[in-house]
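The values are calculated or read from the model by the stated rules, or taken from the named source; none is laboratory data. Everything numeric in this text was worked out from a predicted model, so none of it was measured. Every residue, glycine among them, receives a Cβ derived from its backbone with ideal geometry; neighbour counts consider all protein chains shown.
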Amino acid sequence: MTSPWTVDTPLGTLDVNGWTLVWAVLVLIGTVLAARYVAGATRRLGARVPNLADDVLLQIIQFVRYAIYALGAGVILSLLGAPIQPVLIAVLITLGALVLVGRGVADNFGAGLVIQVRHPLRPGDLIECDGHEGHVIDLNSREVLIQTYDGAHVHLPNNLVMNSSLLNLTASGSARSKLEVRIAVDGPAAADDLIRLVLDTALAVSGVLGEPPPTCPMTAATPTEVVLRLLLWHDPESALDVCSRVTAALGAALGDAGVQYAISWPPPAPAAFRLGTT
């Protein structure tokens, strides 16, 4: 039998002889081949998953490859006589540090994987999330990138999208807008005819959907003024155009009716009313 060579390492003393060296080389070759085969199989399997982004698949393949390399390194160290206990302790400490440091990254990556597989949104969709509304222009393993109406780019982390309320206006097929209409009247009872005028005018505007029909509740009233909240539905992409046309049509109709009015869209923040004021 070949005399072993003694090698001192941080992991302990390794007793290396010809046979252990041969087995270590074979395991090394097998590890490299196994990593290449499993990585290829993972790539082929990932290609069958619908809507799985390329960068997400690449990160999965890299994780699988490194896991096989780590397993092969452990087997080689065991063949060379390295004490297993220090190796396990080192691996556990490393894994614990990676878990603590990469928890947020892992959560974000997992959320991105869920988004890619379940596809609650797609590029081009109009969404609203965390107070931001805009069109999705990119999806990746880290974030959802949207472009707002004013052209700004908003980067939404994947875990924020998954943990927040997500409104996909494109998927729903319709969106609701609110307009505030303030009309000077001789008491709230005189507002019934004006409410009907507001509803008929809004429904006649091109782009306003008949189903669900527009509604116009009275949200505030004084002896000289009523405040109406016009709620109407339209295509998600046409909110600006439809609400602009409705505002113009209401202005013309209320002007022809000979009443004083004020129309705002979107409605201003609620304000307190005092009795007898406008």
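For segment 168-278, the helices (runs of 4 or more DSSP H) that sit wholly inside it and include 2 or more residues that are at pLDDT 90 or above and among the small types (Gly, Ala, Ser) are 239-256.
Consider residue 117 carefully, then state whether it is within 20 Å of the chain's Cα centre (by Cα), aliphatic (A, V, I, L, M) and modelled with pLDDT under 80. Here the answer is yes, as residue 117 does meet what is asked.
For (1) surrounded by fewer than 19 Cβ atoms within 10 Å (Cβ to Cβ); (2) hydrophobic (A, V, I, L, M, F, W, C), each residue gets a yes or a no:
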{"position": "198", "(1), (2)": "no, yes"}
{"position": "245", "(1), (2)": "yes, no"}
{"position": "257", "(1), (2)": "yes, yes"}
{"position": "266", "(1), (2)": "yes, no"}
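Residues that are touching a Cys at 6+ places or on another chain (Cβ under 9 Å) and either surrounded by fewer than 19 Cβ atoms within 10 Å (Cβ to Cβ) or of a type in the set (Phe, Trp, Tyr) (or both) within segment 179-196 comprise 195, 196, listed in sequence order. Selection of first residues in segment 146-164 that are closer than 18 Å to residue 123 by Cβ and of second residues that are surrounded by fewer than 19 Cβ atoms within 10 Å (Cβ to Cβ) and of a type in the set (S, T, N, Q), restricted to Cβ pairs under 7 Å at least 6 apart or on distinct chains, gives the following pairs, ordered by first then second residue: 153/147; 154/148.
Would you say residue 224 is crowded, with 18+ Cβ neighbours inside 10 Å and among the hydroxyl-bearing types (Ser, Thr, Tyr)? So residue 224 fails the test. If the requirement is being surrounded by 12 or more Cβ atoms within 10 Å (Cβ to Cβ), touching a Ser or Thr at 6+ places or on another chain (Cβ under 6 Å) and at pLDDT 65 or above, which of these qualifies: 81, 18, 110? Answer to the check: 18. For segment 163-171, indicate whether the set of residues that are over 12 Å from the mean Cα position of the chain (by Cα), buried (at least 17 other Cβ atoms within 10 Å of the Cβ) and under 30 Å from residue 259 (Cα atoms) is non-empty. No, segment 163-171 has no match at all. Number of residues in segment 27-48 that are of a type in the set (Gly, Ala, Ser) and in contact (Cβ under 8 Å) with a residue 24 or more places away in the chain equals 4.
Condition check for residue 150 on (1) under 15 Å from residue 237 (Cα atoms); (2) at pLDDT 90 or above: one failure, at (2).
Within segment 170-177, is there a residue that is of a type in the set (Lys, Arg) and in contact with a Ser or Thr (Cβ under 7 Å, 6 or more places away or on another chain)? Taking every residue of segment 170-177 in turn, none turns out to be of a type in the set (Lys, Arg) and in contact with a Ser or Thr (Cβ under 7 Å, 6 or more places away or on another chain).
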